[in-house]
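J.: Questions regarding the structure given below will be posed in turn.
The values are calculated or read from the model by the stated rules, or taken from the named source; none is laboratory data. Since the structure is predicted, the reported quantities are computational estimates derived from the model, not experimental observations. Positions of Cβ are generated from backbone atoms using ideal geometry, with glycine treated the same way; all protein chains shown enter the neighbour counts. We work out accessible area using only protein heavy atoms, side chains counted, and drop any ligands, DNA or RNA first. Shrake-Rupley method; radii C 1.70, N 1.55, O 1.52, S 1.80 Å.
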Amino acid sequence: MTATIHTTVTPIPSAGLAATSATIGSKTLKVFLRDPQAVFPTLLQGVLFLLVFRYVFAGAIDSAPLTYVDYMTPGIITTTLLFGSSQAAVTVAKERSAGFSDRVLSMPVARAGITLGRLAAQSTIVVAAALTTLLAAFVTGFRPHAGVRELVLALAMLVLYSVAFAALFLALGSAASSPEAAQGLAFIAIPLTFISSAIVPTASMPGWLAAVADFQPLTPMIDALRGLTQSDLIGVDQTSLMAALAWSAGILLVSVIMAVRLASRTKALN
């Protein structure tokens, strides 16, 4: 007589979206904080830009009716978010190169949670960098001239920009062919910064260049933040505010969709 043995396989429960996001976000923050070569450049880069433009170029640029430190601070803070977010691309590419992404994807996890966890961590990092820059701006003379409502909205816009920029570089890093290629993506921030209203008014540029500056995403983002922090002196440009919200929402939506899809690739970088 032959005995039949019946076995029951118990499926391994999948980690939910919240648990996956929290785990990946915590891991990303821990890796960042343990790497001084990442921490100090990310947190202090904006401060360096602020000091250079505050004391080297202030006397050469007409920013009336605002003092130059009040004019440039919103631009420096916005570009700090952009440059700081570029670290996200390198982090993602390094994780793929080391095989970490493959190991995570082999587990029963919510794949969207991988991107959301990274996004939360990287946004936190760049907001910390922006607040460090803002503190330095106050030390060097920056003062907001606006009501509480405008300042709260300015802070909310700052957080929105940070999430949008972090999502953008997460998507670009997921598409990069190597960590070195991902590192080179930071250079896209340079023309966006200097061909914008971050450092000088676009009205002072040649006509063709001013047109380029006015219709790229950074200029309305900066103008909206500047108007909110200096609304008592220059008012809030509603067109810039709506354009900033539209650019931020568009960048965030497209980038998150791309990052989630690209994060599902299981082939490690060579």
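J.: Under a 1.4 Å probe, what is the accessible area of the range 13-142 per residue, stated in Å²?
T.: 44
J.: Continuing with the same structure: Would you be so kind as to identify which of 132, 29, 240 lies farthest towards the positive end of the dipole of the chain, taking Lys and Arg as +1 and Asp and Glu as -1 on Cβ and the Cα centre as origin?
T.: Checked the options; the winner is 29.
J.: Using θ = phi - 60° and the Karplus curve 6.51 cos²θ - 1.76 cosθ + 1.60, what whole-Hz ³J(HN,Hα) does each residue of the range 57-65 get, with Gly and Pro shown as x?
T.: After applying 6.51 cos²θ - 1.76 cosθ + 1.60, I find 9, 4, x, 9, 10, 8, 10, 3, x Hz.
J.: To continue, here is another question. What do you reckon, how do 109, 52, 104, 254 stack up by accessible area (1.4 Å probe), largest on top?
T.: Heavy-atom accessible area, descending, gives 254, 52, 109, 104.
J.: Taking the square root of 5 times each eigenvalue of the Cα gyration tensor, what semi-axes in Å does the equivalent ellipsoid of the chain have, largest first?
T.: Gyration-tensor ellipsoid for the chain: 42, 18, 17 Å.
J.: Report in % the part of the accessible area of the chain that belongs to carbon and sulfur, leaving out ligands and nucleic acids; probe 1.4 Å.
T.: Ligands and nucleic acids excluded, carbon and sulfur give 70 percent.
J.: While we're on this one: What value, in deg cm²/dmol to 500, does the helix sum -39500 (n - 2.57) over DSSP H runs of n ≥ 4 give at 222 nm once divided by the residues of the chain?
T.: -24000 deg cm²/dmol
J.: With a length cut of 15 Å (Cα positions projected on each helix's long axis) and a Kyte-Doolittle mean of at least 1.0, go through the chain and give me the DSSP H helices that pass.
T.: 36-56, 111-139, 148-175, 238-263
J.: Sticking with this one: Keeping every protein chain present and rolling a 1.4 Å probe, give me the accessible area per residue for the range 171-261 in Å².
T.: Here the residues of the range 171-261 average 47 Å² of exposed surface.
J.: Next question. If the only charges are +1 at each Lys and Arg Cβ and -1 at each Asp and Glu Cβ, what is the size of the charge dipole of the chain around the Cα centre, to the nearest 20 debye?
T.: Charge dipole of the chain: 1000 debye, to the nearest 20.
J.: Roughly how much of residue 237 is accessible, in Å² to the nearest 10, using a 1.4 Å probe?
T.: Approximately 80 Å² for this residue.
J.: Identify, among 249, 212, 90, the residue whose Cα sits farthest towards the positive end of the charge dipole of the chain, taking +1 on the Cβ of Lys and Arg and -1 on the Cβ of Asp and Glu, with the dipole about the Cα centre.
T.: Ranked along the dipole, the leading option is 90.
J.: Tell me the trypsin sites (Lys or Arg not before Pro) within the range 197-270 that lie in a loop according to DSSP and have at most 16 other beta-carbon atoms within 10 Å.
T.: When the trypsin sites (Lys or Arg not before Pro) of the range 197-270 are filtered for loop state and at most 16 Cβ neighbours within 10 Å, 265, 267 remain.
J.: Which of 174, 63, 21 ends up with the largest GNM mean-square fluctuation for the chain, with Cα atoms connected below 10 Å?
T.: Maximum fluctuation in the GNM of the chain, among the listed residues, is at 63.
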